[in-house]
Amino acid sequence: MPSHFNSFSSSSLRTPVLILSLLSALVLAGCGSTSRRVSYEPEDFDSTTTHTRNYPATEARTCEAARRALLSQGYMVTAANADLVTGRKSFQPAAEVHVEVEFRVVCAREGGKSGKQSTVAFATALQDRYGIKKVNNSASVGVGAFGSLSLPFAGSDDAMVKVASETLTDERFYDRFFTLMDRFLDGGGADAPPDMPAEAPAAAPAPATSFPVAPSPNRG
């Protein structure tokens, strides 16, 4: 048998073997990637104090204290009523990094047998991180008989895009916020405004006020 026929036969046999080996490697790689789990912080649901705190006050007074606490730290309040307060604050940790924190406080009445007013405040902070995405500009330049040529320019359009989003879970972060709420409640300045009615007993009628009467001029 001619030698060139033997070489052709051996090469034709090696080709399917190589293809099968390549397919097997791809299948094994795919199986390995699917079995690999994503690393994340597990939800143990074992803590009830990180995001919550009880206050001996009405829902409206508790949420008003939360509103004042956020305002005192530079948050822009986006919603405020008797049972919900939300606010946002912007940060610039680096030249091309922008961070926004959205704080949300929900005030819910706690049922007590003693008849005392009690409210639980649920606080959650969501942090969004943005980065700059550069898009290079290009334009077409006519070159006569050769048609047009697309050339990139040095300028670029910068756009801010969201690159990460997570709920803050640092217990010390919420402890500082709840402590600040305590200060506003203890200071007595967290009374509910007119648009946030609080459940309070009807006030007694105010006593009549006597105003001084100007003396009449002497006649005759």
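Computed from the coordinates by the stated procedures, all read-outs in this text should not be read as laboratory data. The structure presented is a predicted model; accordingly, all values stated were derived computationally and were not measured. All Cβ positions, glycine included, derive from the backbone under ideal geometry; neighbour counts span all protein chains shown.
Taking 0.36 nm per residue of sequence separation and subtracting the Cα-Cα distance, how much length would be gained by fully extending the chain between Phe45 and Asn81, in nm to one decimal?
On the way: separation 36, 0.36 × 36 = 12.96 nm, distance 2.86 nm.
Gain on extension, Phe45 to Asn81, equals 10.1 nm.
Extending 7 Å from Cα along the Cβ direction at Lys133 and again at Arg183 yields two label points whose distance is 4.1 nm.
Taking 7 Å steps out from each Cα toward its Cβ at Val99 and Ala164 produces label points 0.9 nm apart. Net charge of the neighbourhood of Thr179, taken over other residues with C-beta under 12 Å away and scored Lys/Arg +1, Asp/Glu -1, is +1.
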